[in-house]
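Taking it in order: structure first as structure tokens, then the write-up.
The values are calculated or read from the model by the stated rules, or taken from the named source; none is laboratory data. Fair warning: this is a prediction, and the values are worked out from it, not measured in the lab. Note: ideal-geometry Cβ built from the backbone for every residue, glycine included; neighbour counts use all protein chains shown.
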Amino acid sequence: MRHIPRPLRAALSAVLTILVAATALAAPAAAGEVKVRSVLSGYSKPVLVTSHPGAGRRIFIVEQTGRIKIATYEGGRWRKVGTFLDIRDLVRTTSGEQGLLGVAFAPDYGTSRRFYVNYTRKNDGSTIVAEFRRNTKNANKANKGSFRQVLRVAQPYTNHNGGMLAFGPDGYLYIGMGDGGSGGDPQGRAQNLDSRLGKLLRIDPLDPDGDGPKHYSVPASNPFVGQANTKPEVWSWGLRNPWRFSFDRTTGDLWIGDVGQERREEVDVARANGSGVNAGKRVDFGWNDCEGTLPYKGGTCATAHGDYLPPVREYSHGSGNCSITGGYVYRGPATTAWRGTYTYGDFCSGRVWVVSNTGKSLRASVNTSYLISGFGEDAAGRLYATDLGGRILTVRFSGTP
């Protein structure tokens, strides 16, 4: 090797450092990627992962068969904690779309201990929304004896139960109701404002009169309060089966994965106002005039009225796709590049997609072998998914979307 004088070596070293830095700055960012990985298994038809404020890396797993279980991430690994609530004796699961379908923790859960579940009642197949409270001495156990029925909606068929519950940014409870089932909404319930089916309902679930006849109250700001031939609980309508919906925890926007009939699965987005509330108020999502953006059997989707809001994204059946599973807008702590993107999947094909906040731009996708039955967030906004076969999955991002 030829000897280079020390001053020249120093100058060359400085130039080399600048060139390496410039090359690093000029290098293209890594392509965006979404990864879905199994972290827990052995559950009985899990359909939702959720948590409550202040829970840390502690998640609650809803089993369609009638139990809610707890798992926690400690010391770099996941650990099963046990059963939080067991209401298998109350729940009907004879149809694939019936069962324990949703849970939502009250915003003041830390002090009130209140949470709400959505399930199919064993004796008659009705949708029941019920209140329970956590055990006063054991945070890992619910007090089953605290049961209080909040709402009952009769179901004419065994499918399209909906099932999702979520507290909105306004503190009220939102309830996703399918159109009642069968196929094609034969009684036109989704467009009938005097039916609770095919709707997103909004209520205050607190007992308004102690042991009196009322079980909940309707906020005066609901769009149809006081109007004849309407149900005051109705917030949005025109939904076929909003199996999973969610609120963006930063903006308050409402995202719905509405399961389609024969040709289209759709992602709907209703934006919040400047105060981060009122997303979806008095919105018609189109069913059964529309399936996605297509007219449905003589409907007038192309000339829909002023309350109609078309989907921001849709996809057809085929290539294994058949049933959308709505997800969440990512607001987690791990990576800032992906914040604001929306993740959803398909139950049959196992595909998972990540799209921009407008819904128009695909940012990443991945094929999996899982039956994607639900998504969820922990208290910090990390994303999870459920596989109906019994697994709990983490959803992680890398690179730049």
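Kindly indicate which of Ser373, Ser369 is buried (at least 18 other Cβ atoms within 10 Å of the Cβ) and among the polar types (S, T, N, Q).
From the options Ser373, Ser369, the qualifying one is Ser373.
Determine, yes or no, whether Thr111 is of a type outside the set (A, V, I, L, M, F, W, C) and either more than 21 Å from Arg249 (Cβ to Cβ) or in a strand (DSSP E or B) (or both).
So Thr111 does not fit the description; no.
Exactly one of these conditions fails for Ala304: (1) at pLDDT 95 or above; (2) aliphatic (A, V, I, L, M); (3) surrounded by 17 or more Cβ atoms within 10 Å (Cβ to Cβ). Give me its number.
(1)
Among the numbered criteria (1) of a type outside the set (Val, Ile, Thr); (2) touching a Ser or Thr at 6+ places or on another chain (Cβ under 8 Å); (3) free of Cβ contacts under 8 Å to residues at least 12 places away in the same chain, which single criterion is violated by Ala220?
Status for Ala220: all satisfied but (2).
Among the residues of the stretch 321-361, write down those that are within 16 Å of the chain's Cα centre (by Cα), more than 17 Å from Asp387 (Cβ to Cβ), part of a loop (DSSP other than H, G, I, E, B) and not charged (D, E, K, R).
If the condition is that a residue be within 16 Å of the chain's Cα centre (by Cα), more than 17 Å from Asp387 (Cβ to Cβ), part of a loop (DSSP other than H, G, I, E, B) and not charged (D, E, K, R), then Tyr330, Gly332, Gly340, Thr341, Asn357, Gly359 are the ones that fit.
Assuming Asp268 fulfils every condition listed in (1) outside any loop (DSSP other than H, G, I, E, B); (2) more than 17 Å from Gln191 (Cβ to Cβ); (3) among the charged types (D, E, K, R); (4) without any contact (Cβ under 8 Å) to a residue 60 or more places away in the chain apart from one, which condition is it?
With (1) outside any loop (DSSP other than H, G, I, E, B); (2) more than 17 Å from Gln191 (Cβ to Cβ); (3) among the charged types (D, E, K, R); (4) without any contact (Cβ under 8 Å) to a residue 60 or more places away in the chain applied to Asp268, the lone miss is (2).
Hey, could you check the stretch 383-401 for residues that are surrounded by fewer than 22 Cβ atoms within 10 Å (Cβ to Cβ) and part of a loop (DSSP other than H, G, I, E, B) and say which is nearest to the chain's Cα centre (by Cα)? I'd like the intermediate steps shown before the answer.
Going residue by residue through the stretch 383-401, those that are surrounded by fewer than 22 Cβ atoms within 10 Å (Cβ to Cβ) are 388-391, 394, 396, 398-400.
Those left that are additionally part of a loop (DSSP other than H, G, I, E, B): 388-390, 399.
Details: Leu388: 15, Gly389: 19, Gly390: 18, Gly399: 25 Å.
Taking the candidates together, the pick is Leu388.
Could you tell me how many of the residues in the stretch 312-338 are in contact (Cβ under 8 Å) with a residue 24 or more places away in the chain, surrounded by fewer than 22 Cβ atoms within 10 Å (Cβ to Cβ) and of a type outside the set (Phe, Trp, Tyr)? Before you say what the answer is, go through the steps one by one.
Start the filter on the stretch 312-338 by keeping residues that are in contact (Cβ under 8 Å) with a residue 24 or more places away in the chain, which leaves 312-317, 319-335, 337-338.
Going one step further and asking which of them are surrounded by fewer than 22 Cβ atoms within 10 Å (Cβ to Cβ), we end up with 312, 314-317, 319-323, 331-335, 337.
So of that shortlist, the ones also of a type outside the set (Phe, Trp, Tyr) come out as 312, 314, 316-317, 319-323, 331-335, 337.
Total satisfying the criteria: 15.
Do you know which of the residues in the stretch 88-98 that are within 22 Å of the chain's Cα centre (by Cα) and among the β-branched types (Val, Ile, Thr) is surrounded by the most Cβ atoms within 10 Å (Cβ to Cβ)?
Looking at the filtered set, the residue picked out is Val91.
Tell me which residues, restricted to the stretch 340-384, are within 23 Å of Gly54 (Cβ to Cβ) and either free of Cβ contacts under 8 Å to residues at least 24 places away in the same chain or touching a Leu at 6+ places or on another chain (Cβ under 7 Å) (or both). Please lay out each step first, then the result.
First, pick out the residues of the stretch 340-384 that are within 23 Å of Gly54 (Cβ to Cβ): 374-384.
Passing the criteria: Gly374, Phe375, Gly376, Glu377, Tyr384.
Determine whether Ile256 is in contact (Cβ under 8 Å) with a residue 12 or more places away in the chain, crowded, with 24+ Cβ neighbours inside 10 Å and either not in a loop (DSSP other than H, G, I, E, B) or not charged (D, E, K, R) (or both).
When the stated conditions are applied, Ile256 passes them.
Only one of (1) in contact (Cβ under 8 Å) with a residue 60 or more places away in the chain; (2) β-branched (Val, Ile, Thr); (3) within 27 Å of Ile324 (Cβ to Cβ) is not met by Val234, so which one is it?
(1)
Among the acidic types (Asp, Glu), under 19 Å from Pro208 (Cα atoms) and assigned to a loop (DSSP other than H, G, I, E, B), is that true of Asp170? Spell out the reasoning first.
Working: among the acidic types (Asp, Glu): yes; under 19 Å from Pro208 (Cα atoms): yes; assigned to a loop (DSSP other than H, G, I, E, B): yes.
Against the criterion (among the acidic types (Asp, Glu), under 19 Å from Pro208 (Cα atoms) and assigned to a loop (DSSP other than H, G, I, E, B)), Asp170 qualifies.
For the stretch 72-86, name all the residues that are at negative phi and surrounded by fewer than 20 Cβ atoms within 10 Å (Cβ to Cβ). Break it down stepwise before answering.
Just the residues of the stretch 72-86 that are at negative phi, to begin with: 72-74, 77-81, 83-86.
Residues satisfying the conditions are Thr72, Tyr73, Glu74, Arg77, Trp78, Arg79, Lys80, Val81, Thr83, Asp86.
Mind listing whichever residues of the stretch 115-145 are free of Cβ contacts under 8 Å to residues at least 60 places away in the same chain, assigned to a strand (DSSP E or B) and surrounded by 15 or more Cβ atoms within 10 Å (Cβ to Cβ)?
Val117, Asn118, Tyr119, Thr120, Arg121, Thr127, Ile128, Ala130, Phe132, Arg133, Arg134, Asn143
Anything in the stretch 210-234 that is surrounded by fewer than 17 Cβ atoms within 10 Å (Cβ to Cβ) and in contact with a strand residue (DSSP E or B) (Cβ under 9 Å, 6 or more places away or on another chain)? List them, or say none.
Of everything in the stretch 210-234, those that are surrounded by fewer than 17 Cβ atoms within 10 Å (Cβ to Cβ) and in contact with a strand residue (DSSP E or B) (Cβ under 9 Å, 6 or more places away or on another chain) turn out to be Ser217, Pro219, Ser221.
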